[in-house]
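Below is one structure, written out as C-alpha cells; comments come after it.
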Amino acid sequence: MTTPDIAIYAVTEKGARLGQTLAAALPSRLHALSRLAVPEAAPFASLADLVAGTFARFRAHIFICACGIAVRSIAPFVRDKTSDPAVVCLDDTGHFAISLLSGHLGGANDLARRVADLTGAMPVVTTATDAAGAPAIELLARDLGLGLDNPVATRRINAALAAGQPVAVFDPLGLFAVTHAKALNHFEWVAAPEQVAPDSPLILVDWRTGPHTPTRLYLRPRVLTAGVGCRRGTPAADILSLLDHVCRERRLAPGSLAALASIEAKRDEVGLLEAARTLGLDILFFTADQLAGVSVPHPSAVVAKHMGVGSVCEAAAILATGGGRLLAPKTRTGFSTAAIALAR
C-alpha cells in the first residue's frame, strides 16, 4: 500500500466530493469537516489546528476552499522555499487549481496540473518562468541531479531566464548537460567565473566553495567521496566536525559529497554509521586487501599495525572515486582521520 504523502482538506459538501475524487487517484489522506460526515475521511473541527499538525508531515497539501482560507491556515508555518511543502488550492466548484506555494522545488506547479487533469479544472501557475515559457533553474538542477547552494540566488537567475536574458554558466566538469533547445538558448558557457560581471547572474556547477552573493548560484554535483578512519567508539560528532573542518580548509562543498568510505572492519562502527545518516550519505566499505592495492601519499605504520593496511581514509577515498584525484589528503583530529577525493 502506498504511504500517503498528500493531505487533502475539504470544508464543504461539494469540496468533499472533489476530495474523494482526488483521494482515489493520489497517494493522499482526505480530511473533511466533522459535520460533513464524509466516509473514509479524517474528521476535523478546526482547519487551523489540523494544519498546525499536518503541514510539516506531508509533502504536499491540497485545500479545497477559498485561497484566503488556505493562506491563513498555512501562514504561521511557511518558512523557506527550499523546505516548504507544495500547496495547491482548488475551489469547491472545481474550476481552478491554483499553485499557491513551493511551485518549483516543492512541485506545486506539477501538482496543480495533476489536480486539474483529475477534476477538469484550469491549472493556475503564476511563477515567472512558467508564465514566460522559460525553464526554472530549480527544476533543471533537480533533473540533472545537482544540489542547490545559495538558493536565494535562484530569484535573480529565474528573473533573467523569464526576461529572456542569457545566464552565464561555469561548468568545469561538463555536468550542466542541458540538451533541450528551448533551454539551451537561455545559457552561455564561460571558461572562468571572472569573465562574468559581479552583478550579472552566474551559475557555477562546481564542488568548490566561493562567496555567496544574490547573483551567484552554486549547483553542487555529487562528485566527492570522503574516506574516514577512526578508533573504535569515536562519536559521530567528532567525525562530522572533522569533515566540516576538512571541507572548510580545502574549500570543498559538503553538498558535493556523494558518499563516505572506510575499511570493512568499520562496518559496525556506530559513530561512523550515525555520521553518514546525519549527512544523508551511503558508506562504501573496502577490504584491507583492496585498500592495500592503492598508492597513497601518507601511509601509516600505526594504521598498518592495527588494521592490516597502511592507509584507510586516503585509500578508501581514492578507491570509492574510481581512482580519483585526492583533493584533501589525510587530516587527523582526535581519534579520526579523513581524506576527500574527486571522482574521475
Notebook entry, point to check: Where residues in segment 190-204 are surrounded by 12 or more Cβ atoms within 10 Å (Cβ to Cβ) and among the hydrophobic types (A, V, I, L, M, F, W, C), which of them is nearest to Leu140 (Cα to Cα)?
Noted result: Ile203
Next item on the list: Quickly run through segment 59-73 and pick out the residues that are over 20 Å from Glu13 (Cβ atoms), surrounded by fewer than 19 Cβ atoms within 10 Å (Cβ to Cβ) and touching a strand residue (DSSP E or B) at 6+ places or on another chain (Cβ under 7 Å).
Entry: Arg59
Check: Can you tell me which residues in segment 201-219 are of a type in the set (Lys, Arg) and closer than 18 Å to Arg156 by Cα?
Finding: Arg216
Note to self: Restricting to segment 145-179, count the residues that are farther than 22 Å from Ser99 by Cβ and either part of a loop (DSSP other than H, G, I, E, B) or free of Cβ contacts under 8 Å to residues at least 24 places away in the same chain (or both).
What the structure shows: 15
Item checked: Whichever residue in segment 150-179 is in contact with a helix residue (DSSP H, G or I) (Cβ under 6 Å, 6 or more places away or on another chain) and of a type in the set (A, V, I, L, M, F, W, C) and, among such residues, is surrounded by the fewest Cβ atoms within 10 Å (Cβ to Cβ) -> Val178
Checklist line | Among the candidates Ala10, Ala24, Ala42, residue that is without any contact (Cβ under 8 Å) to a residue 24 or more places away in the chain and surrounded by 15 or more Cβ atoms within 10 Å (Cβ to Cβ) | finding: Ala42
Margin query: So for segment 10-22 (the condition being within 19 Å of Ile98 (Cβ to Cβ), polar (S, T, N, Q), out of contact with any Ser or Thr (no Cβ under 8 Å at 6 or more places or on another chain) and in a loop (DSSP other than H, G, I, E, B)), does at least one residue qualify?
Written below: yes
Checklist line | Verdict on Thr337 being closer than 18 Å to Ala253 by Cα and touching a strand residue (DSSP E or B) at 6+ places or on another chain (Cβ under 7 Å) | finding: no
Next item on the list: Give the number of residues within segment 209-238 that are more than 30 Å from Glu264 (Cβ to Cβ), of a type in the set (Lys, Arg) and surrounded by fewer than 15 Cβ atoms within 10 Å (Cβ to Cβ).
Entry: 0
Notebook entry, point to check: Since Val125 meets every condition but one in (1) in contact with a Gly (Cβ under 9 Å, 6 or more places away or on another chain); (2) more than 18 Å from Ala10 (Cα to Cα); (3) of a type outside the set (Gly, Ala, Ser); (4) surrounded by 20 or more Cβ atoms within 10 Å (Cβ to Cβ), which condition does it not meet?
Noted result: (4)
Notebook entry, point to check: Out of segment 75-93, which residues are of a type outside the set (D, E, K, R) and surrounded by fewer than 21 Cβ atoms within 10 Å (Cβ to Cβ)?
Noted result: Ala75, Pro76, Phe77, Val78, Thr82, Ser83, Thr93
Next item on the list: Hey, can you tell me all the residues within segment 255-281 that are surrounded by 13 or more Cβ atoms within 10 Å (Cβ to Cβ) and assigned to a loop (DSSP other than H, G, I, E, B)?
Entry: Glu269, Leu281
Note to self: Looking at Val296 and the list (1) at pLDDT 95 or above; (2) crowded, with 16+ Cβ neighbours inside 10 Å, which single condition is not satisfied?
What the structure shows: (1)
Notebook entry, point to check: Being touching a Lys or Arg at 6+ places or on another chain (Cβ under 6 Å) and closer than 21 Å to Ala258 by Cα, is that true of even one residue in segment 170-178?
Noted result: no
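The values are calculated or read from the model by the stated rules, or taken from the named source; none is laboratory data. All values derive from a computational prediction rather than experimental measurement. FYI the Cβ positions are ideal-geometry reconstructions off the backbone, even for glycines, and counts take in every protein chain you see.
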